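For reference, the structure discussed in these notes is given below.
The values are calculated or read from the model by the stated rules, or taken from the named source; none is laboratory data. Given the structure is predicted, the values throughout are model-derived calculations rather than measurements. All Cβ positions, even for glycine, are placed from backbone atoms using ideal geometry, and neighbour counts span all protein chains on display.
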Amino acid sequence: MSVHQDLLALKPDNVTFEQAASVPTSGLIALQNLRGLSQWRPGQKVLVNGAGGGVGALALQMMKAHGAHATAVDSTGKLGMLRSLGADEVVDYTREAIAVLRELLESGKVTPIIDSTFQLSEVREAFRRMIEDEIQGKVIITPAERV
């Protein structure tokens, strides 16, 4: 497989090959979810859920690099790493209930937006929808047709 040279970038000298290999996918996802990162102001508060994973760890570091006050959420074994990455606060989701989301959903203050739903057998169409169209909300793939 080959790609056009304009799509390639040199690895920084201070980054190992293994680190560099981990960045394209996780870094792209983090950047896509942190749109407007340059508009963040120092001290703005952010909560990074799943901060100890590949995407979350990069997102946490990007937010800290822009001066955010970051609360990182993950499991017990990852809290030390999250502190070392600069998290101002850490939350162990195995010990503390953070699911404010449930309350917001139950009260009707937050409503998930579904763009479209596809069956598992239509996964190609679902990906085509996500790539080719400007979706509004989430594209959902279900295991089988509902009865």
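Odds and ends about this structure:
- Unique residue being in contact (Cβ under 8 Å) with a residue 12 or more places away in the chain, surrounded by fewer than 14 Cβ atoms within 10 Å (Cβ to Cβ), in a loop (DSSP other than H, G, I, E, B) and on the phi < 0 side of the Ramachandran plot when the list is ALA87, ALA144: ALA144
- Considering (1) under 21 Å from VAL73 (Cβ atoms); (2) assigned to a helix (DSSP H, G or I), the lone condition that THR25 does not fulfil carries the number (1).
- Those residues of segment 11-35 which are under 30 Å from ALA99 (Cβ atoms) and exposed (fewer than 10 other Cβ atoms within 10 Å of the Cβ), in sequence order: GLN32, ARG35
- Subset of segment 90-130 [aliphatic (A, V, I, L, M) and assigned to a strand (DSSP E or B)]: VAL90, VAL91, ILE114
- Selected residue (criterion: surrounded by the most Cβ atoms within 10 Å (Cβ to Cβ)) from residues of segment 90-136 that are touching a helix residue (DSSP H, G or I) at 6+ places or on another chain (Cβ under 6 Å) and among the hydrophobic types (A, V, I, L, M, F, W, C): VAL90
- Residues that are part of a helix (DSSP H, G or I) and buried (at least 16 other Cβ atoms within 10 Å of the Cβ), drawn from segment 36-75: VAL55, GLY56, ALA57, LEU58, ALA59, LEU60, GLN61, MET62, MET63, LYS64
This table checks each residue for (1) over 23 Å from VAL100 (Cβ atoms); (2) modelled with pLDDT under 95; (3) out of contact with any Phe, Trp or Tyr (no Cβ under 7 Å at 6 or more places or on another chain).
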residue: ALA9; (1), (2), (3): yes, yes, yes
residue: TRP40; (1), (2), (3): no, yes, yes
residue: GLN44; (1), (2), (3): no, yes, yes
residue: LYS78; (1), (2), (3): no, no, yes
residue: ALA87; (1), (2), (3): no, no, yes
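- Some residue of segment 56-64 being of a type in the set (S, T, N, Q) and out of contact with any helix residue (DSSP H, G or I) (no Cβ under 8 Å at 6 or more places or on another chain): yes
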